[in-house]
Structures are given as structure tokens and as C-alpha cells.
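Here's the structure we're looking at; comments come further down.
What follows is calculated from the coordinates using simple rules that are stated; it is not laboratory data. Just so it is clear, the structure is predicted and the values come from calculations on it, not from any experiment.
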Amino acid sequence: MRAWLATLGVVAQMAFRNLFASRLKTIIVGGIIFFGGLLVVAGNSLLDSVVASMSRSVIGSVAGHIQVYNAKSKDTLEVMGRMMMGDPDLSQLDDFAKVRDSLLKVENVKSVVPMGISGALVTSGNTIDLALEKLRSAVNARHDAKTDAQRVEAEARVASEKGHVRQIVSVLQGDLKNAKAVLDERTIDPADGAAVNRAASDAFWQDFDKEPFEALEFLENRIASQAADADLLFLNYIGTDFQAFQKSFDRMKIVEGTTVPAGKRGFLFAKHVYEEQLKLKAARRLDQIKEGTENEGETIATDPDLKRMVRENVSQVREILLQLDAAKTVDFRAKLQRELGSQEADVGKLLAAFFQTDDQNFRERYDFFYKELAPSLELYRVRIGDVLTIKAFTRSGYVQSVNVPVYGTFEFQGLEKSTLAGALNLMDMVSFRELYGFMSGEKLAEIQALQKAAGAREVSRENAEAELFGSKAEDAPAAKAPRRIEATTTPGVAPVMRDLGESLGGKLQREEARSRVFPADEVERGVVLNAAVILKNPKKIRETIVAIEAQGKRDGLTLKAIDWQAAAGLIGQFVNVIRMVLYVAILIIFLIALVIINNALVMATLERVKEIGTLRAIGAQRRFILAMLVVESIVVGFIFGGLGAGLGVLLVSVVGKIGIPAKSDVWFFFFSGPRLYPFIGTSNIVAAFAIVLLVSAFSSFYPAWIAMRVTPRQAMQEEE
Amino acid sequence: MNKQTQRRTQRWTWAVLVATMTLNLIPGMGPARRAVAALTSAQMVELLKLVDERQKNNGDWRAAAYLEQKEKDKVDTVYETEYFRRSSDQKFMILFTKPKSSAGQGYLRIDKNLWFYDPSVGKWERRTERERIGGTNSRRSDFDESRLADEYDPSDEGDEKLGAYTAQKLMLKGKPGQDLAFPVIRIWIDKENKNVLKRQEFALSGRLLRTSYYPKWKKIYSPSKKGDTWYPEEIRFYDEVEKANQTLVMIKSVDPNSLPQNLFTKAWLESKSR
């Protein structure tokens, strides 16, 4: 042992001497190893930190540690967006209570949240449609009023809504005049102009109350159709049990309003969606300009995005004008004239001048807008407390609509600015099931009965022409072919049809949207698409997945469990892609290192043939020569790799104190907040050393093999 | 002319004859026959007017329609509906009566507006002519009076055999300013009785969207027209984008008598669900 250590000492001494002797070679080889070590430690630490942060975002916002769905599903579950368009084709889990009970038998499972993810369009019509809808509702309320108090209240509503519609018509009249000025008059339908003039006349409004429904139909069909500012809103939502969701995802907090009470229908908007898609566009742009100038250090003068927003606010004042009735118009004119010191009478022009903001006047105008103008405007298309109508094509193809009261908005703490975490809204499970359209046995039987009564036969596409129009002409002469066209004259037919006055009945869901409380049993013992599982010990995800699937089998359920990263779909794969890129980069660097070290050592070996031959002549074994060269490269690897890894640790530690700022909404999600604080993983340092030493040792084998073959005779020949 | 020259001339004559006959057998390759059969623009418009005229009622119309949509891996979508129309102002309404979950829903067309009403939420929504009725592949215009001559400009594509029938094939392009479900249509009209047998409906890009067959036509005496009105008793739509999807429409219990004045109003459709 002592002899062996003494040999090692001599070998190390010689290795150091050789490294110093050829400094340039050592620095080049060492430089590459240094960079490799740095990349392994810093790159991996950074990625591990992103994965850890992202897992907090995904687990804390929607996925939980594990997602469970039906193993018979055609598609895989992806809760945060998927590669393909549309909803994934998932088979349903028929009884959530049964699934939950089965999952809770698994030791590591802490809680289970029922879910279903889908999306639907919300169409609201244009501004005039919306105003007329309110007027119609007010007229209906007046028509149905039973007490004097109700009548007086409804009358006041009708008067207010009439004023608003009148104002909109006057804006439309102005638009038409402008259009005539810039377009060829022949392209404007004179009937449209005549209809607007009629709707703007005093006579029309004086007579409105004589035949209000007739007047409304005229406005809806002839006036509203001339406005083209209808917005389509696509909402993605999770159907869930609000109480279980809030308890399991503790980063969720209600921003405005309240959560949906247990057993009630209800909808919570993600704050991000509420601000981005439902807020008055001019107000939203003002918020964004404020955010840019005050929090991100941008200026209107230099930032093209902020400039664009100012331009859009100036040119798009119409959406505000359409919200004003006569009284508000007078109020806005006075306020804006005072603020701008202008005598301009046109509110549209005053608004355009008001929105012409620069870095000097922006803050003042922003405050003025929210203090003086906003209270008279509807800042959001849907307000907290409104009933939202959501319509979707169900899984079975039927169109289904539901009314859900909007209870409030929510966001996840630390992910306020993330588009990804703020993309999904929440809906109660009962409404979700209705919109998703699970076909009940009763409905299926009704459909089959209708089909049977109709007695229709199926004709396949391939045989359609042959079956429907007789055999082909070349097979059977036209004259002999059976003619299917019947010519039955049935003068004065008296069909047995439903009486026109008969009501179709049917329970109106709109009336029970707010009031009905569904029993917990009905909510829980129903269909879900997936369930989020929160674990007691998150480190045991793999074992728990196996246990969940096994328990499902024992309970007669076909459950498929996936971890949060798989459930996150595209986003979950993003980290894997980045990791792959990093590994490829590390592989390339070390391959280059391997080749360069190998070449350098081969050159060095050839230069040292005399020395090696002499060593061999004085009794050095081949093993000694091999050890000498391997130790030489390991020393280079150890020193430079260690320096690289050390710098990596230092870098990550420093950055870990300061944090890397999230520059965009997406990075907010990946960093699970406004900054990423990277941390060092011991495994990364160990890995860096292991890789460096392995590569160094491996790259010295070939030159060592050459050196081992050097004989004393060769060395002497070299001398000659 | 000697015998050899005569034989050579005979052989050439036969060759030309055979070649001409062969070309005539290939569709679209018979210039002489096309020249004779081609319709003038006026004739085509007349033909379309005739097609429209046969289906016109010049009054009110009420009928029941059964709609069935088949889609791959889905439960069939089935509706029973009643639809109403008024020729004088082109008003139109479809009221869904079954299944229970859809009862009371309806479409109402007044002027250029197509409204959809859902009683379960009490809301009216504005739709376009491209709306798929109840999610099936049928459009509002499939239930309305034929207005081909007013809406489209025709071009001749010759005759074509369609099973046992000989059909006049026309390509129709939508006139400017018309809100149409399909801007381009190829249509097969039975040469014998001028009923539509088949339609291919295209997007403006030229992509085929739907193929429709009209295998059964019936006629009914209309008091307002004081004559017969023809209507398709069965229409089959085959989706050309989602190839597995098909829709069947069966029209029955037609009543061409006058309807109440207030029928085509939002208030009436709403009242059906009160």
C-alpha cells in the first residue's frame, strides 16, 4: 500500500510537471473542461429551478400533483392546452363520489377535486343589440308588473333605456352622414338611412309606448343590424366543486365578489380573462399604458406599443359614445371641456383629444378618466352579479345553453400576471355537465323513439345516387327505370298539426339559475371528466400513481393516473425540450473536449517518446506509463472542471439572491411569480465532477495506449 | 377517282366518324353536340325562374320537418320542427318541438336578420345565413322558397345522367350583395319536370362543402297561388369536409293556408315557452 501511494505521488508529481511544461495546451484543454463544468452546474441548476417553480404553478393552479381520468379515453388528458384543436376526447367517469372514495383509500392521497375542462362561445350581439335587450326586458317588466310600485320602477327603467337607445341612434345617424361624405352614396342602402331617420325622430319615440313590441322589433331588425361591433368571446372553463377547489388549491384567492355558494350554479372569471377580454377597451389600454410607464420604465414617446395604444384610444372613442344617453352626454361634454379647456361641443372630438396622451399628461388624464368618466360607463361587458349565458355544442351535437350567475373573479397568488395560469375560468359542476351534454338514458330513449316514428332509412354516401335515383343509365334504360318522383295533387290538404297557440312548456332554467340549490349528493354523485389529486407527500408521485391505478382496478374503476407534468400537456413538455437542448449542448461540448484532449495528449506523447523510452529503460512498467498519462488528464479535469463548477455555484448563488425577472406573462408562469430564484442542487455538482473526470480519463486512454507501446529501443532510435 | 383512291377516302371517312363518335361519348369532349345543347344566358335564367316558380307558394306556408344528423362516433342528433314562411315579406321561422330539451328553441328571419331564440335562457341571438340549423348540416335557406334566379348568375355545364334521370347541369355564382349560405352552387335540374335533383355547394375558394340530394318531390294545391306548389319531401345532405357526417330532412304535413299576422315576431316565439 505504501509503495502504491509512493508511486502515485511520483506519478502526480510528473503529471504536474508535464502540465506546467506545456502551459498553452493545458490552458486550451482546461478552458473547454472549465466551460463544460460551468454549463453542467449552472444550466442544470437553472433548469431544476424552473421545473420546481413551474411545478408550483401547475400543481397550485389547476393540475394538482396527479390527474386521474378514465383509462378508456381516446385522447390523453391535457389540462393546460393541447397540441390538437378542440377538447380532448375523454370518456366520462360516471360517479365522482365512487372515484373519490377509491382514491382516498390510497394512503398518500390528501384530497380529490372533481373537474371537467371545456370551452364555449359567448355571443352578446352588438352595442345596440345589448341596449335593445335591456329595453325589451324593461318593457316586459312593465307589462308583467303586478303592483303600482313595480309599475313605477319598470316605467323608470323603460324611460332610462329609451334615452340610451335614442342616443345610440343619434350616433348611428352621425355615422351615416360621415359615411355619405366619404363613400359613394349609391353604396348606402337608402332604406337603411330612412330607417335610422325614423328611429331618430321625435314622432317615433312619442309613439313608442303605444305599440312598444312593434317599435322594438323595428329597432332590432332595421337599426341594430346596421351596427357591426358585435364581440365574440370564447371562454375556457373548468367545471368543479368550488369549495373543494379552493381548499385544495390554496394559492387561489377571490379578487372581487365572493366564491360560489355550495350547491349553487355560478361562474368565477379568472381575473386575467376578466381584464383582458371583458373590460372596456379604452380603459384596458389606459391600464396597460400605466403599467408600462410606471412599472416597466417605458415611455409613450419611445415605446411603439404604448404609442399604438394611445392611437387606438384616440380613434376608437365610439365604444364610449355608444354607452352615453342624453344626460351622460351633457355631463361628459361639460367635464371634458373643463379638463381640456376647450369649447368644442362634439363629445366624440373631446374624447379623442382627451385620449391624446403623452408622458407629461398621462397620469393626470388616467386619474381623471377613472374619477370622472368611468363611474358613468359600463367598464366590463359582464358585471359581477350579472347572469351570463353560455352556449356550447354538447358532446352529442346538440346546442345547449345555460344561465350562470357571475359571483366574482379569482387569481392565483404569485401568478397574477400569468396568461397561462389565468386562462381558465371556473364553473359549477351542474352547469358544466349540462353544457358538456352527457346523454341521459331518458333522452337517448326519446331520440330513438323519434327516429323510429320517422322511419327514415340510412343511405350511404357511396350508394346515394344509385339508391336515390335508380340504377345507372347504361344498366337500365331511362324509360324503364323506376321513377321515384311522385306527383300527388292534394288540393286543400288539411294536415293534423299542433294548434298554433299551444305552449311547448318546458321548465325555464333562467328562472332557477340563481335560486336553486342542488343537494350535495346530486353534485357529487354525477359525471366528471377528470379529478385532481393532492398528495400528502409530493415526493412519492410515481408510487402513488401505481397505487391509484391498482386501487381503481380493485374497486372496478378504469382509472388512468398521470403526474402534473404530463397533465400540463404542451407546457409540461416545454421543460423536457429545454432539458434536451441543454443535454445536447453539454454532450457536444464534452465530445469536442474529448477529441481535443485526446489530440493534445497524442501530440504530447509523441513529443515525449524519448522520456517514456528512458523511463521504460530504467524499469518503469507499462502500468506506470498508463497511470502517468491518465492522472495527468484527470488532474486537468479535476482542477479546471472544479473551477468551472465552482464558478457555476457562485453564479447561481449570486443570481439566486437577486432573482431573474420574468419579462413576459409566460415567464411569470414558468417562474411561478415575478422572479426566479435559482438554487444549487448537490446532485448537479456531483454530476459535473463525474462527467468531467470520466471524459478526462476516457480521452487519455488512446494516447496512453500509444505510450505503453514505446520501447527503450524506439527511444534510442529517436535520439539518433 | 380510281378504286384505290375511293377505298382510301372511304377508310378516312370511317376513321373520322369513329373518332367523332368516341369523342362524343367522353363527357365534355363533344364540341358539335355542346354547341347545339348549350343554353343561352336568357334560357338559363328562364330555367331557374321555372324552378323557382314551381316551388313558390305566393302566400303563407307551414310544414313539419324531421331533422336527423349522423356523425361518426356520436349519438344521432334528431329534431322535430315546424317551420313557417310568408312570401310577401320573406319572413321565416323554425320552431323546434322535440326532443324536450330543445322544445321552444327557434329561428326567426325578419328582413336581413336571422335570430335564434333559446327559451331555457330567454335570450335572442343574431345569426348569419351560414348558421347550421340546430347544429345539423342544414341551413335556413334549405327550408325557404327557392330564389335561385334572384340570388345567382348561372353558367351552363351541359347535360348529365343522374341514375335514371337526365339532368341539366348549371354552375351558379352568387350575385353581389346577397347574404347566401353558399356563394357557389352546382345544380342538377331534372330535364323532364324541372325539379332539382342534386346540388354541390362550394365555398368562395372553390372548396366543396356539401352535396345535397332531393330524391322525392311532392306537390300540393296552394290556395294563395291558385296552383300547385312543389316541395322536396326528402333532402339528404352529405358533408364534404367531415366526410362521415350526413343530415336527413323529411318534410311532411304541409299547410299552405294563411297564418296569423303576428306569427313572425319575437313575442310569438317567446310566448311558445311561457
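What angle, in degrees between 0 and 90 and rounded to the nearest 10, separates the Cα long axis of helix A:2-21 from the longest principal axis of the Cα atoms of chain A?
Roughly 70 degrees between the two axes.
Pairs to check: A:Lys74/B:Lys100; A:Lys279/B:Lys123; A:Lys452/B:Lys49. Give those whose C-alpha atoms are more than 27 Å from each other in this structure.
Pairs exceeding 27 Å: A:Lys74/B:Lys100; A:Lys452/B:Lys49.
Can you list residues whose amide H is under 5 Å from A:Gly119's amide H, if they're 5+ apart or on another chain and H is modeled 1.01 Å from N?
So A:Gly119 has HN proximity to A:Tyr237.
Give the angle, between 0 and 90 degrees and rounded to the nearest 10, that separates the Cα long axis of helix B:41-55 from the longest principal axis of the Cα atoms of chain B.
Its long axis makes an angle of about 40 degrees.
If you find the alpha carbon centre of segment A:361-408 and of segment A:1-57, how far apart are they in angstrom?
Using only Cα atoms, the two centres lie 60 Å from each other.
What is the distance in Å between the Cα centroid of segment A:96-150 and that of segment B:187-241?
Their Cα centres are 42 Å away from one another.
Where does chain A land at 222 nm, in deg cm²/dmol rounded to the nearest 500, when only DSSP H runs of n ≥ 4 count, each adding -39500 (n - 2.57), divided by all residues?
-17000 deg cm²/dmol
Whole-Hz ³J(HN,Hα) for each residue in segment B:230-236, computed from phi via Karplus 6.51 cos²θ - 1.76 cosθ + 1.60 with θ = phi - 60°, x for glycine and proline: what do you get?
With the stated coefficients, segment B:230-236 comes to 8, 9, x, 7, 9, 10, 10 Hz.
Longer than 22 Å from Cα to Cα, which of A:Lys391/A:Lys560; A:Lys134/B:Lys266; B:Lys70/B:Lys175 are they? Say none if no pair is.
A:Lys391/A:Lys560; B:Lys70/B:Lys175
Once amide H atoms are placed 1.01 Å from N in the peptide plane, what residues at a sequence separation of 5 or more from B:Lys216, or on another chain, have their amide H within under 5 Å of its amide H?
HN-HN under 5 Å from B:Lys216: B:Glu233, B:Glu234.
Counting only residues 5 or more places away or on other chains, whose amide H sits under 5 Å from the amide H of B:Gly227 once H atoms are built in the peptide plane?
B:Ser222
Return the sequence-ordered ³J(HN,Hα) values of segment A:70-78 in whole Hz as given by the Karplus equation 6.51 cos²θ - 1.76 cosθ + 1.60 applied to θ = phi - 60°, using x for Gly and Pro.
6, 5, 7, 4, 6, 9, 8, 6, 9
Expected output is a single nm value to one decimal: the length gained when fully extending between A:Ala449 and A:Ile658, i.e. 0.36 nm times separation in residues minus the C-alpha distance. What is it?
So the chain would gain 68.3 nm between A:Ala449 and A:Ile658.
For segment A:583-593, in order, what is each residue's ³J(HN,Hα) by Karplus, 6.51 cos²θ - 1.76 cosθ + 1.60 with θ = phi - 60°, in whole Hz (x at glycine and Pro)?
Along segment A:583-593, the couplings run 5, 5, 4, 5, 4, 5, 4, 6, 5, 4, 4 Hz.
For A:Tyr702 and A:Ala326, compute 0.36 nm times the residue count separating them, minus their Cα-Cα distance, and round to one decimal in nm.
Going from the current span to full extension adds 126.2 nm.
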